[in-house]
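The values are calculated or read from the model by the stated rules, or taken from the named source; none is laboratory data. Everything numeric here is computed off the predicted structure, so don't read it as measured data. Ideal geometry is used to build each Cβ from the backbone, glycine not excepted, and the neighbour counts take in all protein chains shown.
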Amino acid sequence: MGLKNDRWIKEMALKHGMIEPFEPKLIRKVEDRRVISYGLSSYGYDIRVADEFKIFTNAFSAIVDPKNFDTKSFVDFKGEECIIPPNSFCLARSVEYFRIPRSAMGICIGKSTYARCGIIVNITPLEPEWEGHLTIEISNTTPLPAKIYAFEGIAQLVFFEADEECSISYKDRGGKYQAQRGVTPPKV
């Protein structure tokens, strides 16, 4: 299994629809405005966060239970800037829709611009033949409110290709998050 470079990522995105929409270079400015970078990099792809957020709240004293998730735990928010309360987090989604090849997988790492502000990004691995929008957990580890910018970079994906295809892919297993669109809460 080997780490894939920008040429492989670009070919998979353009010829096979692995990343849509696909930005073939790293974008740091839009018009004359600086943005948190997104697009193709040397050995990865910097994804963007969309403008749909589910901010966690304790307004209804719900218990966060992954086997019986209560959607009253969220406040839905749509906007170009999301404020995450201190020591809290939100769920969001990627702008990009992914179709992972059977012989590949992706791993996500948060961007240093946010990490240096105490904002941690968590995304589970992109398994072989999984497709959909990524649901992104964004944690604010600070005692202060934190701002997230929609349509700008949030995390970097790195891709690995196996020497041989897996015997059972995410699609073969009928994975519960297959073809997810929008911000998807936990399912059992």
### Task
Could you tell me whether residue 120 is in contact (Cβ under 8 Å) with a residue 40 or more places away in the chain and either outside any loop (DSSP other than H, G, I, E, B) or at positive phi (or both)?
no
#### Entry: Where a residue in the range 147-165 is under 28 Å from residue 78 (Cα atoms) and modelled with pLDDT under 95 and its partner, wherever it lies, is surrounded by fewer than 16 Cβ atoms within 10 Å (Cβ to Cβ) and among the small types (Gly, Ala, Ser), with Cβ under 7 Å and at least six apart
none
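From 11, 52, which residue is at pLDDT 95 or above, surrounded by 11 or more Cβ atoms within 10 Å (Cβ to Cβ) and out of contact with any strand residue (DSSP E or B) (no Cβ under 7 Å at 6 or more places or on another chain)?
11
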### Checking residue 143 against (1) modelled with pLDDT of 95 or more; (2) loosely packed, with under 12 Cβ neighbours inside 10 Å; (3) farther than 29 Å from residue 84 by Cα, the condition it does not meet
(3)
### Summary
Going through the range 60-78 in order, the residues found to be more than 22 Å from residue 176 (Cβ to Cβ) and touching a Lys or Arg at 6+ places or on another chain (Cβ under 8 Å) are 60, 75, 77
### Summary
In the range 118-140, residues that are polar (S, T, N, Q) and more than 10 Å from the chain's Cα centre (by Cα) total 2
### Query
Does residue 47 satisfy the condition of being surrounded by 18 or more Cβ atoms within 10 Å (Cβ to Cβ), over 24 Å from residue 100 (Cβ atoms) and either in contact with a Ser or Thr (Cβ under 6 Å, 6 or more places away or on another chain) or at pLDDT 95 or above (or both)?
no
### Summary
Of 102, 34, the only residue that is touching a residue at least 60 places away in the same chain (Cβ under 8 Å) and either outside any loop (DSSP other than H, G, I, E, B) or surrounded by fewer than 20 Cβ atoms within 10 Å (Cβ to Cβ) (or both) is 102
### Message
Which residue is farthest from the chain's Cα centre (by Cα), if the candidates are limited to the range 67-117 and must be of a type in the set (Phe, Trp, Tyr) and farther than 14 Å from residue 140 by Cα?
### Response
69
### Summary
Scanning the range 1-25 for residues that are over 15 Å from residue 156 (Cβ atoms) and among the acidic types (Asp, Glu) gives 11, 20
